[in-house]
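One structure is given here, and the rest of the page talks about it.
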Amino acid sequence: MKRKIYNTLIKWKQEDAGRTAILIDGARRVGKSYIAEEFAKAEYKTYILIDFNRVPQEITDLFVHYLNDLDTFFLYLSNYYNVRLYEHESLIIFDEVQLFPRARAAIKYLVADGRYDYLETGSLMSIKKNVKDIVIPSEERHVKMYPLDFEEFLWAMDNNMLMDLIVKCFQDREPMSQALHRKAMDYFRQYMIVGGMPQAVETYIQSKDFDRVDRVKRDILELYRADILKHAEGYEMKIEQIFDDIPSQLQKHEKKFRFSSLKKEARFRNYEDAIFWLSDAMIVNICYRSTAPNIGLKLNMDRMTLKCYMADTGLLISHAFDENGIVSEEIYKKLLFDKLEVNKGMFVENIVAQMLVASGHKLYFYSNSSRTDASSRMEIDFLIAKSKICNRHNISPIEVKSGKNYTLTSLHKFCAKYDEQLHTPYVLHTGNLKEENGVTYLPLYMTPLL
């Protein structure tokens, strides 16, 4: 599948290869190994892929005994994999490098040697177990890989033109024609319920069978559970608790994560390591409360008040409807035709979070639950900052609406109270683009363009 990260790899090869290695960090099954090998095949004369999931000891021993003798190191490596290495024309891939941290530490010496280029893939790159006793190389350039974004999903569905039209309408602030708006929303709903995990998308394209798609997604969820038990030593129970509780927390009107629902009187500090583990594994997207909508949202971040979204909305749907072990075809069809009776707002808000993260945004929301001042009592789903900061008018509030009938009480309060900081207020909804009373209403499929 065509992925945008490929262009990032090309740019790295042209500008930084030889001076740095590139590390692709992403959740399991997001397509890291696939894109690394496709890049190697297309852009290099030869390549070696060392998969640390199943690497033999004679290869790991090379990193122990021969880093001071790289001629012998490369001689053994080349012969073991039966691949001739060419200076400046060969790539060596360290796949799932977190499983052997010593190889990651060796990047410093391998890059300095300068003969070949290096690409690493991995997940859980920051947890203590995977960086213990090593010096993280400064020669490592870090890029994150997410599930397919909406445009990549369109490419996978063999539609290479619709996003160009969506971009033009967004830039011109013109609504799509009704026929094309319906078509774009149809694609958007398919994207939301299938998700962006490459295996699920491929299964959907080949079969259009939601049962088969659901089985693929359940396999991925089980893989995540196995990873939690294997790698989260000491606090795997807490991670499982949070992971299992995500759908019920998002179902609530106020989607702030309540740790007390996991254990009576529990607080953020009791689950801080577990939240960090899930975020580092890129299984979830964490959205933090900003206490003041101003320049530098991170400076006003309340890290103990957060919302916890699944990194892939397709996985969230399979995770949420797990009573029978599989989401029935009927539920998928109701989601597809917008007829589901349950709170589909949780899925729509989750996919907006997913698309904002894929576009490079950190996630922040705003809430004030004042009991004394009704004009200050409000909750805004997301806040984003302008790309070019000035003295005033930098922050855009975003409200996400999944239905056709809704009110904007919090948004109006926010605009009145924070007029000095206000840039453009947005409502993301199922309808077409329009501008009304100072508010810009965008169809959900335009989220990536913010």
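Just so it is clear, none of the values below were taken in a lab; they were calculated from the coordinates. What you are looking at is a predicted structure, and each value in this text was computed from that prediction instead of being measured. Cβ atoms come from the backbone with ideal geometry, glycine included; neighbour counts cover every protein chain shown.
Helix 70-81 sits at what angle to the longest principal axis of the chain, using alpha carbons and giving 0 to 90 degrees rounded to 10?
Tilt of helix 70-81: around 80 degrees.
Students often check this: by mean Cβ neighbours within 10 Å, which of 292-299, 306-313 ranks highest, and how do the rest follow?
The peptides rank, most packed first, as 306-313, 292-299.
Provide, for q = 0.06, 0.07, 0.08, 0.09 Å⁻¹, the log10 of I(q)/I(0) from a solvent-free Debye sum over equal Cα point scatterers in the chain.
-0.29, -0.39, -0.51, -0.65
Residue farthest toward the positive end of the dipole of the chain, with Cβ of Lys/Arg at +1 and Asp/Glu at -1: which of Val201, Ile317, Phe259?
Sorting the options by dipole projection puts first Phe259.
For a bin width of 5 Å, list the pair-distance distribution of the stretch 213-256 built from all Cα-Cα distances, rounded to whole %.
P(r) for the stretch 213-256, in whole percents per bin: 5, 21, 21, 21, 18, 13, 3.
Helix 101-113: angle to the longest alpha-carbon principal axis of the chain, degrees 0 to 90, nearest 10?
Helix 101-113 sits roughly 70 degrees off the main axis of the chain.
Say R0 is 56 Å: what FRET efficiency, to the nearest 0.05, do Leu408 and Asn79 get from their beta-carbon distance?
Given R0 = 56 Å and the Cβ-Cβ separation, E is 0.25.
So how tilted is helix 210-231 from the main axis of the chain? Cα-based, degrees 0 to 90, rounded to 10.
Its long axis makes an angle of about 60 degrees.
To make sure I understand, if each residue's beta carbon is the centre and we count other beta carbons within 10 Å, what order do Ser248, Ser90, Ser138 fall in, fewest to most?
Ascending Cβ contact count within 10 Å gives the list Ser138, Ser248, Ser90.
Pick out, from Tyr34, Asn68, Leu49, the residue whose Cα sits farthest towards the positive end of the charge dipole of the stretch 5-145, with +1 on the Cβ of Lys and Arg and -1 on the Cβ of Asp and Glu.
Going by the Cα projections, it comes out as Tyr34.
For Glu240 and Gln206 in the same chain, what is the full-extension length gain: residue separation times 0.36 nm, less their Cα-Cα distance, in nm?
Length gained, Glu240 through Gln206: 9.0 nm.
I need the peptides 32-42, 155-165 ranked by packing, meaning the mean over residues of other C-beta atoms within 10 angstrom, with the highest value on top.
Output ranking for 32-42, 155-165: 32-42, 155-165.
In terms of modelled amide H atoms, which long-range or inter-chain residues lie less than 5 Å from the amide H of Gln421?
His393
Projected onto the charge dipole of the stretch 151-449 (+1 at Lys/Arg Cβ, -1 at Asp/Glu Cβ, origin at the Cα centre), which of Leu180, Ile283, Pro293 gives the Cα projection farthest towards the positive end?
Comparing the listed Cα positions along the dipole, Pro293 ranks first.
Can you list the HN-Hα couplings for the stretch 33-38, worked out from phi with the Karplus curve (6.51, -1.76, 1.60; θ = phi - 60°), rounded to whole Hz and with x for Gly and Pro?
Each residue's phi maps through the Karplus curve to give 5, 4, 5, 4, 6, 4 Hz.
Using the scaling law 2.2 N^0.38 Å as the reference, what is the normalised Cα Rg of the stretch 238-297?
1.20
Once label points are set 7 Å from the Cα along Cα→Cβ at both Asn7 and Lys230, what is their separation, rounded to one decimal in nm?
The two pseudo-label positions are separated by 3.4 nm.
How large is the dipole of the stretch 62-123 about the Cα centre if only Lys and Arg carry +1 and Asp and Glu carry -1, each at its Cβ, rounded to the nearest 20 debye?
That gives the stretch 62-123 a dipole magnitude of about 160 debye.
Explain nothing, just compute: Karplus ³J(HN,Hα) = 6.51 cos²θ - 1.76 cosθ + 1.60, θ = phi - 60°, for every residue of the stretch 164-177 in order, whole Hz, x for Gly and Pro.
After applying 6.51 cos²θ - 1.76 cosθ + 1.60, I find 4, 5, 4, 4, 4, 5, 5, 5, 7, 6, 10, x, 6, 4 Hz.
What fraction of the Cα pairs in the stretch 1-86, stated in percent, has a spacing above 16 angstrom?
Summing the P(r) of the stretch 1-86 above 16 Å gives 63 percent of all pairs.
Taking only C-alpha pairs under 8 Å that are 6+ residues apart, what is the relative contact order of the chain in percent?
Computed value for the chain: 14 percent relative contact order.
Could you state the principal axis extents of the C-alpha atoms in the stretch 90-232, from the largest down, to the nearest angstrom?
59, 37, 27
Can you sort Leu67, Leu148 from fewest to most other Cβ atoms within 10 Å of each residue's own Cβ?
Leu67, Leu148
If you wrap a convex hull around the alpha carbons of the stretch 5-145, what volume per residue comes out, as a whole number of Å³?
Normalising the Cα hull of the stretch 5-145 by residue number yields 101 Å³.
Rounded to the nearest 5, what % of DSSP beta bridges with both residues in the chain are antiparallel?
If we restrict to bridges inside the chain, about 35 percent are antiparallel.
At a Förster distance of 30 Å, what's the computed FRET efficiency of Asp302 paired with Asp280, Cβ-Cβ distance as r, to 0.05?
0.90
About the Cα centre of the stretch 151-449, what is the dipole size in debye to 20, counting +1 per Lys and Arg Cβ and -1 per Asp and Glu Cβ, all else neutral?
980
Using 26 Å as the Cα-Cα cut-off, could you pick out the over-long pairs in Lys264/Lys413; Lys32/Lys255; Lys333/Lys404; Lys362/Lys413; Lys208/Lys344?
Lys264/Lys413; Lys32/Lys255
Classify the stretch 288-435 as rounded, prolate or oblate, taking a ≥ b ≥ c as the square roots of the eigenvalues of its Cα gyration tensor: rounded when a/c is under 1.5, otherwise prolate if a/b is larger than b/c and oblate if not.
prolate
So what J values fall out for the stretch 402-410 if you push phi through Karplus, 6.51 cos²θ - 1.76 cosθ + 1.60 with θ = phi - 60°, rounded to Hz, Gly and Pro as x?
9, x, 8, 10, 8, 10, 10, 4, 5
Under a 5 Å amide H to amide H cut-off, with H placed in plane at 1.01 Å, what residues pair with Asn285 once short-range neighbours are removed?
Those qualifying (amide H under 5 Å, at least 5 residues apart or on another chain) are Tyr309, Met310, Ala311.
Tell me which residues come under 5 Å, amide H to amide H, from Gly18 once H is placed; ignore anything under 5 positions away on its chain.
Correct list: Tyr118.
Dipole of the stretch 5-145, Cα-centred, from +1 at each Lys and Arg C-beta and -1 at each Asp and Glu C-beta, to the nearest 20 debye?
For this selection, approximately 540 debye.
How big is D, in µm² s⁻¹, for the stretch 331-418 by Stokes-Einstein at 20 °C and 1.002 mPa s if Rh is the Kirkwood radius over C-alpha pairs?
142
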